[in-house]
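Single-structure report; data block below.
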Ligand SMILES: Nc1ncnc2c1ncn2[C@@H]1O[C@H](COP(=O)(O)OP(=O)(O)OP(=O)(O)O)[C@@H](O)[C@H]1O
Ligand SMILES: [Mg+2]
């Protein structure tokens, strides 16, 4: 069974108050390779060839293994979001190599990059980016709609099961505006995980939340990581949260200055 079949073949338990259905994890990592992400000498400049050209990442070497939970910290302007955008295939490096799941990405065309992004990556941002006119369930089935042009029963069931996992079994029909900030972020996490990506990139996912909601959302990401075996790279300004990650990568002025566990 391939990971997608495994992920969608688990029926949702939508009985109110019933036991929470565990959503099937991604297939075990390929025993031959635990490498998920490998950056070598990655540089990023903006405004190339113009007078205001500026290099913001100056040769990044970084590896993330399958199933890791990594914090990315550093001062404002140090290049954290830029690095996430590169890892997320939203932007291309100016120089260097980015291997994702063993494949060099520099030579891929735009269409293939889009497919890779949809299959291999999930995104959570500081502001949830949920569509206000759609219900929680519809927001979580959106990736399936974009991928397949329709939402099948299996995709709907997996989305409902994930929303139950994040504690929102009773909020499937609610629109984002009817949910608290923490609940909205939990919907965003369910959406990021719905296609069982091997890597979730989260850019200050708790940056807009109070301390209590922030702790809850962080604990949820750790739980989903444990259950789904999804790797996470989480940008945070909160040292309390960074300490709860398995590894901390620190960026200062576009260079990795420290790594700790
Ligand atoms: N599209 C762009 N064009 C030009 N410069 C950019 C662009 N995006 C980012 N930069 C510059 O790159 C540097 C790094 O920005 P980045 O957003 O990656 O920092 P950050 O570490 O995420 O900061 P913060 O903690 O404030 O979110 C900054 O000097 C920023 O001005
Ligand atoms: Mg940023």
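Just so it is clear, none of the values below were taken in a lab; they were calculated from the coordinates. If you're wondering where the values come from, they're calculated on a predicted model, not measured in any experiment. In this analysis, Cβ positions are derived from the backbone assuming ideal geometry, glycine residues included, and neighbour counts consider all displayed protein chains.
The separation of the range 80-136 from the range 197-215, counted between C-alpha centres, amounts to 17 Å.
Please give the contour-minus-distance gain from residue 76 to residue 94: 0.36 nm per residue of separation, less the Cα-Cα distance, rounded to one decimal in nm.
Values: separation 18, 0.36 × 18 = 6.48 nm, distance 2.15 nm.
Full extension of this stretch gives 4.3 nm more.
Label positions at residue 210 and residue 55, each projected 7 Å from the Cα along the C-beta direction, are separated by 4.6 nm.
Compared with the dominant Cα axis of the chain, that is its longest principal axis, helix 211-228 is turned about 90°. The fewest-to-most ranking of 78, 45 by surrounding Cβ atoms within 10 Å reads 45, 78. Rounded to the nearest 10 degrees, the inclination of helix 153-165 to the longest alpha-carbon principal axis of the chain is 80 degrees. In this label model, residue 119 and residue 47 are separated by 3.8 nm, measuring between points 7 Å along each Cα→Cβ vector.
Just to be sure I understand: of the beta bridges DSSP finds with both ends in the chain, what percent are antiparallel, rounded to 5? Walk me through the intermediate numbers first.
Values: 21 of 38 bridges.
If we restrict to bridges inside the chain, about 55 percent are antiparallel.
Would you mind telling me which residue in 204, 138, 110 has the biggest mean-square fluctuation in a Gaussian network model of the chain, where springs connect alpha carbons within a distance under 10 angstrom? Looking only at 204, 138, 110, the largest GNM fluctuation is found for 110.
How high is the relative contact order of the chain, in percent, counting Cα pairs under 8 Å that sit 6 or more residues apart?
Numbers: 503 pairs, mean separation 74.1, N = 261.
Reported as a whole number, the value is 28 percent.
When a footprinting reagent is the concern and you count Cβ atoms within 10 Å, what order do 97, 213 take, fewest first? Intermediate results must be reported in sequence, preceding the final value.
Working: 97 14, 213 18.
Placing the least packed residue first, the sequence is 97, 213.
Taking the 0 to 90 degree range and rounding to the nearest ten, how far is the long axis of helix 181-193 tilted relative to the main principal axis of the chain, both from C-alpha atoms? Between the helix axis and the principal axis of the chain, the angle is about 80 degrees. Taking the helices alone, the chain has a mean residue ellipticity at 222 nm of -10000 deg cm²/dmol, built from -39,500 (n - 2.57) per DSSP H run of at least 4 residues and averaged over all its residues. Structure remark: mean-square fluctuation, Gaussian network model of the chain, C-alpha springs under 10 Å; the largest value among 211, 66, 158 belongs to 211. Over the C-alpha atoms of the range 62-184, the Rg to Rh ratio, Rh being the Kirkwood estimate, stands at 1.00. Among 56, 235, 200, the largest mean-square fluctuation in a Gaussian network model of the chain, built with springs joining Cα atoms closer than 10 Å, belongs to 56.
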